[in-house]
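Worksheet: the structure to be examined is printed underneath.
FYI, it's all coordinate maths here, none of it is from the lab. Just so you know, these numbers come straight off a predicted model, no measurement behind them. Heads up, the Cβs are rebuilt from the backbone with ideal geometry, glycines too, and the neighbour counts pull from every protein chain shown.
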Amino acid sequence: MELPQVLTALIQAQDDFDSHAYANCFSETAIVEDEKKTYKGRAEIQQWIQKANEDYQTKIKPLEYSESEQMLSAEISGTFEGSPLEIKFYYKIDNGLIQSMKTD
């Protein structure tokens, strides 16, 4: 499956538990909506994913990508209850960076 470069970098950063590399996949003004919480800006996103990495050690396995829907379906596994789960991520990408991301 061919993914946009920024999504490939995001998945690699997540699998490496590298919160700085993960946050650098987002624009300075990006917005992330996850588990009914909103994180605004690269610094907040980095803090959120660092805590999530410490708590859950999440790995991402891409299952399906739709460029037209800007959606990535992935298997998420880690140390959380119910692992693994299938989640859909919806992205807006501009100039090679993620502008927004939300989970379904």
*Between Ser19, Ser27, Ser66, which gets the highest mean-square fluctuation from a Gaussian network model of the chain, Cα cutoff 10 Å?*
Ser66
*If you count the DSSP beta bridges with both ends in the chain, what percent of them are antiparallel, to the nearest 5?*
85
_Among Ala21, Gln50, Ile31 - extreme Cα towards positive end, dipole of the range 5-103, charges at beta-carbon_ = Ile31
*Going by a ≥ b ≥ c, the root eigenvalues of the Cα gyration tensor, does the range 41-102 fall in the rounded group (a/c under 1.5), the prolate group (a/b larger than b/c) or the oblate group?*
oblate
_Qualifying GluC sites (Glu not before Pro) in the range 13-104, DSSP loop, other Cβ atoms within 10 Å at most 12_ = Glu35, Glu67, Glu69, Glu81
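Could you list Lys92, Lys59, Lys37 in order of exposure, starting from the residue whose Cβ has the fewest other Cβ atoms within 10 Å?
Lys37, Lys92, Lys59
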*Label point 7 Å out from Glu81 along Cα-to-Cβ: which residues of the range 22-63 have amide N under 16 Å?*
56
_Please give the charge dipole size of the chain, origin at the Cα centre, charges +1 on K and R Cβ atoms and -1 on D and E Cβ atoms. Round to the nearest 20 debye._
260
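Can you give the calculated 222 nm mean residue ellipticity of the chain, where each DSSP H run of n ≥ 4 adds -39,500 (n - 2.57) and the sum is split over every residue, rounded to the nearest 500 deg cm²/dmol?
Counting only the DSSP helices, I get -9000 deg cm²/dmol.
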*Springs between alpha-carbon atoms under 10 Å, Gaussian network over the chain: tell me which of Gln12, Gln70, Gln46 tops the mean-square fluctuations.*
Gln70
*Could you please rank Met1, Met71, placing first whichever residue has the fewest other Cβ atoms within 10 Å of its Cβ?*
Met1, Met71
